[in-house]
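Working notes, beginning with the structure itself.
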Amino acid sequence: MTSQSGPRSLTRSAGKPLWAQLRADLLRRLEDGEFRDVFPGELDLVAEYQVSRHTVREALRQLRAEGLVTAQRGRASRFTASRPLEQKVGEPYSLFRSVEEVGAVQRSVLRVLDLRADGIVAVRLGLEESTPLVYLERLRLADEEPLAVDRVWLPADVARPLLDVDFTHTSLYDELERHCGTRICGGWERIQAVVPGRGERTLLDCPESTALFAIDRLGHDAGRRPVEWRQTFVRADRFTVAAAFSADDGYRLGAPVRTP
């Protein structure tokens, strides 16, 4: 809901540009709880702030570039729940916790949860090709906006109890520890930028200009047994990767594992 308090004024001075003032005020209003359902259109903002349409468009362009506003042809613009999620290099990403930590609501749409064989994945897990695997595929949402497609394979002798779990609003690792007595303690990840295929673009409701991060992960338990192979496609406009470094130590890697 937008404010009904009348026209808003921006400071016309040689300091901060009008579009930057407008962007800052829109962010402030978001933090105050406005625009949760509907974001005002360009003409509404022109009238409310008494500025040019060019000023409004530049402010909105900046917000879209930062992943704070979604805008697609034929649909009203919407504020996203938060800034793009930031993931530290060396610390496995945590969609569930990261989404919740920024005040958004995490929800998963279960696409597949079954028992199957996959020779390629089994070999990656150090198993015989015919070994039964639990396969979990979810569409991950943040405040009902598509964020990622997550596909996970786990050895059935470890993860079979997960076949009865409701994954709508929970962490896979929490459920793995709760029902199977297994905890992911380490592993490795590879993150690369990719152009989405038609299937991923449709699932994630991506504009044609949006790339994805493809994240492959091999996770092992306390005994260093591989128990998870995961492939995740996450919208690059809603997810960033960051690393700390120093002149003496270089990049800081090897942070503790977080629960995804």
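Below is a table of values for the structure above.
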{"item": "Pairs, first buried (at least 16 other Cβ atoms within 10 Å of the Cβ) in region 15-34, second modelled with pLDDT under 85, C-beta under 6 Å, six or more apart", "result": "L18/L10; Q21/L10; R23/Q62; L30/F79"}
{"item": "Which listed residue, of P196, P207, is in contact with a helix residue (DSSP H, G or I) (Cβ under 9 Å, 6 or more places away or on another chain) and open to solvent by 30 Å² or more (accessible area, probe 1.4 Å)", "result": "P207"}
{"item": "Some residue of region 184-196 being aliphatic (A, V, I, L, M), at pLDDT 90 or above and closer than 21 Å to V112 by Cα", "result": "no"}
{"item": "Tally, over region 140-159, of residues that are under 21 Å from A122 (Cα atoms) and in contact with a Ser or Thr (Cβ under 6 Å, 6 or more places away or on another chain)", "result": "2"}
{"item": "Those residues of region 121-160 which are open to solvent by 20 Å² or more (accessible area, probe 1.4 Å) and of a type in the set (K, R), in sequence order", "result": "R124, R151, R160"}
{"item": "Number of positions in region 110-120 that are free of Cβ contacts under 8 Å to residues at least 40 places away in the same chain and either out of contact with any Ser or Thr (no Cβ under 8 Å at 6 or more places or on another chain) or open to solvent by less than 40 Å² (accessible area, probe 1.4 Å) (or both)", "result": "6"}
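The values are calculated or read from the model by the stated rules, or taken from the named source; none is laboratory data. Computed from a predicted structure; not experimentally measured. Quick reminder, even Gly has a Cβ in these numbers, built from the backbone with ideal geometry, and neighbours come from all protein chains shown. Remember, those area values only see protein heavy atoms, side chains included, never the ligands or the DNA or RNA. Shrake-Rupley method; radii C 1.70, N 1.55, O 1.52, S 1.80 Å.
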